[in-house]
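Shown next, in structure tokens, is the structure this report addresses.
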Amino acid sequence: MAGHAKQASFLIGPPAGPEDMKALYDQAEKDQKNGDDRLSKKLFGLRQSAIKYITLPDSRQKPMLQRVLEEKLGKEIQKIESSVEQSYVRGSVVPNLTISLENTLYADGSPIGPDLSADIVKTLENVFGFMFKAQWVQSSVK
């Protein structure tokens, strides 16, 4: 599937719960329709920070994303290159986690792209949906 793929992107939808978070997202959507995007931007910033956290190493352990990919690919990964930007889906601002498949490298320096399968992408969708309690996660590999 991804022999020539350059990136994998994951749109991570709004949280499914708890109800108070859902109410905040509903309010942000109403405000945005009325021209006020402050709450929407604040909520996006919080989710962006949480998503970035899973990609960044700390002094004690590898990032969660690296551990999941190593487990699924069966090889050690030297580095992951990713970004979290904002995207719009049906008028809502959602995080878009993009992983560079050319610059995310195994320990031997080769890119992971040729080994990324549809099953691994589906696993990542499920992991992100669970971790971020998202209503939905949409992926694309290109």
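Mind sorting ARG90, ARG67 by how few other Cβ atoms lie within 10 Å of their own Cβ, fewest first? Before the final figure, lay out the partial values.
Values: ARG90 7, ARG67 13.
So the residues, fewest neighbours to most, are ARG90, ARG67.
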Give the aspartates and glutamates whose C-alpha is closer than 16 Å to that of LYS122, dropping any in the same chain fewer than 8 places away, or say none.
GLU70, GLU71
In terms of Cα to Cα distance under 16 Å, which lysines are near enough to LYS79, apart from those fewer than 8 places away along the same chain?
LYS6, LYS52, LYS62
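Quick one: length gained pulling GLN86 to LYS42 fully straight, 0.36 nm per residue minus the C-alpha distance?
Taking GLN86 through LYS42 to full extension adds about 14.7 nm, to one decimal.
Based on other C-beta atoms within 10 Å, arrange LEU24, LEU69 from fewest to most. Working shown, then result.
Details: LEU24 17, LEU69 24.
Ranking LEU24, LEU69 by Cβ neighbours within 10 Å, fewest first, gives LEU24, LEU69.
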For 100-106, 34-40, ranked highest to lowest by mean beta-carbon neighbours within 10 Å, the order is 100-106, 34-40
Per residue of segment 59-69, what does 6.51 cos²θ - 1.76 cosθ + 1.60 with θ = phi - 60° give for ³J(HN,Hα)? Whole Hz please, x for Gly and Pro, Karplus curve as stated.
6, 9, 8, 5, x, 4, 4, 5, 5, 5, 5
Set the Förster radius R0 to 30 Å, insert the Cβ-Cβ distance between ASP31 and ASN103 as r into 1/(1 + (r/R0)^6), and round the FRET efficiency to 0.05.
0.20
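Taking the Cα centre of the chain as origin, work out the dipole magnitude from +1 charges on Lys and Arg Cβ and -1 charges on Asp and Glu Cβ, in debye rounded to 20.
Numbers: 19 positive and 18 negative charges, 37 e Å.
With only Lys, Arg, Asp and Glu charged at Cβ, the dipole is about 180 debye.
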Among GLN27, VAL93, PHE130, which residue has its Cα furthest toward the positive end of the charge dipole of segment 7-141, with +1 on Lys/Arg Cβ and -1 on Asp/Glu Cβ?
GLN27
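Read the figures in this text as sums done on the coordinates, not as results from a lab. Because the structure is a prediction, the values reported are computed rather than measured. Quick reminder, even Gly has a Cβ in these numbers, built from the backbone with ideal geometry, and neighbours come from all protein chains shown.
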